[in-house]
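Below is one structure, written out as structure tokens; comments come after it.
The values are calculated or read from the model by the stated rules, or taken from the named source; none is laboratory data. Keep in mind the model is a prediction, meaning the values are calculated, not measured. No Cβ is skipped: glycine too gets one built from the backbone with ideal geometry, and neighbour counts run over all protein chains shown. These accessible areas exclude ligands, DNA and RNA; they are computed on the full protein's heavy atoms, side chains included. Shrake-Rupley method; radii C 1.70, N 1.55, O 1.52, S 1.80 Å.
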Amino acid sequence: MSMRELRRPPRLRSGDTVAVVAPAGPVPEELLDAGLAHLRAWGLQPRVGKHVRDRHPAVNYLAGTDADRAADLQEAWCDPEVAAVLCARGGYGSMRVLDHLDWAEMAAAGPKVFTGSSDITALHDAVATQLGLVTVFGPMVATKAFAEDAAAREHLRRTLFQPESVTILTRSTADALVRGRARGTTYGGNLSIVAASLGAPDAPTPPEHGIALLEDITESPYQLDRFVTQLLRAGWFDHAAGIALGSWTDCGPLEEVRAVMSDLLGGLGVPILWELGFGHCTAQRTIPLGVAAELDTDAQRLSILKPALL
């Protein structure tokens with residue numbers, strides 16, 4: 001499905017039931033409990049998946065088995081009382097659950113909000129292609145970005161409850177790599193996960209006029225180079241009207257990362273904005289995927305042209 005056709009799910013309201021699932025890495029208990037308390041303070045009724053607190057019996061970087069993690073997600077999505085599915089954390093493992101999900105059954109359940117970031121990029125892509133829905137790339141319930149970072153948490157809350165109030169995304173660190181203005185549909189997410197999805201039969205096709213969004217963590221400059229080069233060779237940027245780059249936490253000296261991005265992407269002839277403030281950073285901005293947006297490097301901002309949620 002083309003990302004031009006994505007539907008916007010309904011926004012959240014006080015009293016809504018939301019499901020918390022762990023499709024990737026193991027969940028820190030204290031952060032989960034703190035995150036659930038914040039959800040309740042928002043007036044939401046959180047339901048925690050049966051296997052969220054599990055550990056995979058053989059592989060310690062996964063929260064439970066693939067089948068169990070997928071079952072939690074499937075059950076949450078198909079529950080008519082659940083208005084949103086919120087991911088507990090990233091890490092690694094989302095790609096492993098994709099083939100365990102019954103997408104036809106999930107499509108029949110109707111639209112709902114889906115949130116997460118980092119490794120959850122794999123599920124953002126799947127929800128876009130399989131269910132045709134806009135998704136929300138932001139802080140996760142059992143992470144410090146949600147439990148302990150008030151600015152990041154508030155930006156997510158406003159996106160979920162008052163999406164018309166957060167249609168301008170900017171940050172003091174934002175700077176033009178290539179100047180200009182462009183309109184398109186937001187797509188992308190975590191760079192290494194986007195690169196890893198290439199070649200899969202259900203990988204999303206980038207929109208005809210897209211604003212590519214990329215960020216990552218703990219990948220050295222040469223690894224980032226490899227991922228971007230892979231995307232370039234695969235044609236992932238062929239229809240990009242502009243590019244917005246997020247944070248590059250623990251990816252080495254930022255001047256080296258910037259040099260890599262400028263060297264590889266600067267010749268595409270599209271506006272590029274550096275360090276917009278989404279991804280693994282303090283005061284993390286929540287950013288919707290699959291929505292019409294305008295990138296303006298002179299104003300150092302990305303404007304969402306329609307609220308992310310209805």
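Tabulated data for the structure shown
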| quantity | calculated |
| --- | --- |
| Computed label-point distance, nm, for sites Asp175 and Thr205 using a 7 Å Cα→Cβ extension | 3.8 nm |
| Percent of alpha-carbon pairs separated by more than 16 Å within the range 42-121 | 51 percent |
| Per-peptide average of other Cβ atoms within 10 Å, ordering 244-252, 194-202, 273-281 highest first | 273-281, 244-252, 194-202 |
| Debye intensity ratio I(q)/I(0), log10, the range 268-310, q values 0.17 Å⁻¹ (C-alpha model) | -0.55 |
| Protection proxy ranking of 30-42, 157-169, 83-95, 290-302 - average other beta-carbon atoms within 10 Å, highest first | 83-95, 290-302, 157-169, 30-42 |
| Theoretical FRET efficiency, 1/(1+(r/R0)^6), r = Cβ-Cβ of Ala151 and Lys50, R0 35 Å, to 0.05 | 0.60 |
| Whole-number percent relative contact order across the range 50-171, with pairs defined as alpha carbons under 8 Å at least 6 apart | 19 percent |
| Projected area averaged over orientations for the range 54-193, convex hull of C-alpha atoms, nm² | 10.2 nm² |
| For the range 26-69 versus the range 102-170, the gap between their alpha-carbon centres in whole angstrom | 16 Å |
| Accessible-area composition of the range 145-257, carbon plus sulfur, in percent [1.4 Å probe] | 48 percent |
| Sequence-separation-based contact order of the chain, relative, with Cα cut under 8 Å and 6+ spacing, percent | 21 percent |
| Local electrostatic count, Pro26, Cβ distance below 12 Å [Lys/Arg +1, Asp/Glu -1] | +2 |
| Local electrostatic count at Ala109 - Lys and Arg +1, Asp and Glu -1, tallied over other residues with Cβ under 13 Å | -4 |
| Dimensionless Rg over Rh [the range 162-273; C-alpha; Kirkwood] | 0.95 |
| Cβ-defined net charge surrounding Ala67, 14 Å radius [Lys, Arg +1; Asp, Glu -1] | -4 |
| Percent of C-alpha pairs per 10 Å bin, the range 196-245, short to long | 23, 55, 22, 0 |
| Probe 1.4 Å, accessible area per residue of the chain, Å² | 39 Å² |
| Semi-axis lengths (Å, descending) of the ellipsoid that matches the C-alpha gyration tensor of the range 1-134 | 22, 19, 12 |
| In Å, descending, principal axis extents of the Cα set of the range 124-169 | 33, 25, 17 |
| Hull shadow area, averaged, the range 1-79 [alpha-carbon convex hull, nm²] | 6.7 nm² |
| Spin-label zone in the range 213-248 - amide nitrogen under 17 Å from a point set 7 Å from the Cα of Ser262 along the C-beta vector | 221-222, 225, 243-246, 248 |
| MRE, 222 nm, helices only [DSSP H, n ≥ 4, -39500 (n - 2.57), over the chain, to nearest 500] | -8500 deg cm²/dmol |
| Residues whose placed amide H lies under 5 Å from that of Arg301, excluding near-sequence neighbours | Asp296 |
| Listed residue (Ser262, Leu156, His51) projecting farthest to the positive dipole end of the chain, Cβ model | Leu156 |
| Between helix 29-41 and the chain: long-axis angle, C-alpha atoms, 0 to 90°, nearest 10 | 90 degrees |
| Extent along principal axes [Cα atoms of the chain; Å; largest to smallest] | 48, 42, 36 |
